[in-house]
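Just below is one structure, and these are the notes that go with it.
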Amino acid sequence: MKAMVLAAGRGQRLRPLTDRLPKPMIPVGDRPLLEHVIRLLRVHGFDDLTINLSHLPDVIRDHFGDGSAFGVSIRYSFEPEMLGTAGALRPVAEHFKGEDFLVYYADNLTNADLSALWYEHRETGAMATVGLLWMPDPAGRGIVGVDSDGRIDRWLEKPEPGQVFEDYLINGGIYAFRPAVLDNIPATGTPDFSHDVMPDLLAGDHQLCGHRLQGQLLSTDTPQRYAATLDAVRSGTFSLP
């Protein structure tokens, strides 16, 4: 099965660590974050991976090569200038036409059951199925509302305190897509899934389903969240995939 791993981010907030490492290559335990991600994807059957690169691309290429040492096949998509999380699909769109695929944000660490998300996506036939979870503090994150049928009916990126609605769930940065989503990615600019594509799909009355992730998800996008992730792994409160 195919997956797009979004790994082009520079990680400005994690400097100086990311002056010498791409953000997905920061260490977690005894290996880079991205290695944990690839292991999780492989365990759940996603073995045909495309990874977009921009900042310090050779660090990732040199570590993973063609993926065979990690039980997967890897192709790379280099972006001299970053294209946005959705724009990253444009150069590799032909590869993803014809079958459903997964998109995974590589600055997140999870032990969630991706097979359960994939099964629900295939059962519903939704245009997109989004991995969701609850967190007590939605600051700086995307929040989603889900109706009684599991369909997403509200989508708000990085809400102000007064904008947070009841019964929100957090967007976990894991999407299962039908290939038709590629037709909804703008042909120019740097479109983002959370800011642009998902709200447009919702406004266009496409079926977007929310899947409550079975497992934990940790972020590494700020020094505080990265430190908390390391503490959780070190203490055993988070089980690595």
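Just so you know, all these numbers are worked out from the coordinates, no wet-lab data involved. None of the values given here were measured: they were computed from a predicted structure. So basically every Cβ, Gly included, is an ideal-geometry build from the backbone, and we count neighbours across all protein chains shown.
Note on Glu81 and Leu17: their simple-model spin labels are 3.0 nm apart, each label 7 Å out from Cα toward Cβ. Relative to one another, the C-alpha centroids of segment 87-146 and segment 1-69 are positioned 17 Å apart. On the beta carbon distance between Gln207 and Val43, with R0 = 22 Å, the FRET formula returns roughly 0.20. Within segment 25-148, antiparallel bridges make up roughly 25 percent of the DSSP beta bridges whose residues both belong there.
Kirkwood analysis of the Cα pair distances in segment 149-212 returns a hydrodynamic radius of 13.1 Å. With Cα atoms as the point set, segment 132-241 shows a radius of gyration and Dmax of 15.5, 45 Å. Ordered from longest to shortest, the equivalent ellipsoid semi-axes for segment 21-62 are 18, 14, 7 Å, each the square root of 5 times a Cα gyration tensor eigenvalue. Between beta-carbons, use under 14 Å as the cut-off and find the net charge around Leu17, counting Lys and Arg +1, Asp and Glu -1. Charge balance near Leu17 sits at +3. As a rough footprinting exposure proxy, the listed residues Thr188, Thr220 were ranked by other beta carbons within 10 Å of their own, and the order from fewest upward is Thr188, Thr220. Compared with the direct C-alpha span, the chain from Glu160 to Met1 gains 53.5 nm at full extension, assuming 0.36 nm per residue. Nearest 0.05, what FRET efficiency do Ser148 and Asp58 give at R0 = 35 Å with Cβ-Cβ as r? Once rounded, the FRET efficiency stands at 0.10.
Beta bridges per DSSP, both residues in the chain: antiparallel share near 50 percent. With the convex hull drawn around the C-alpha atoms of the chain, the volume per residue stands at 124 Å³.
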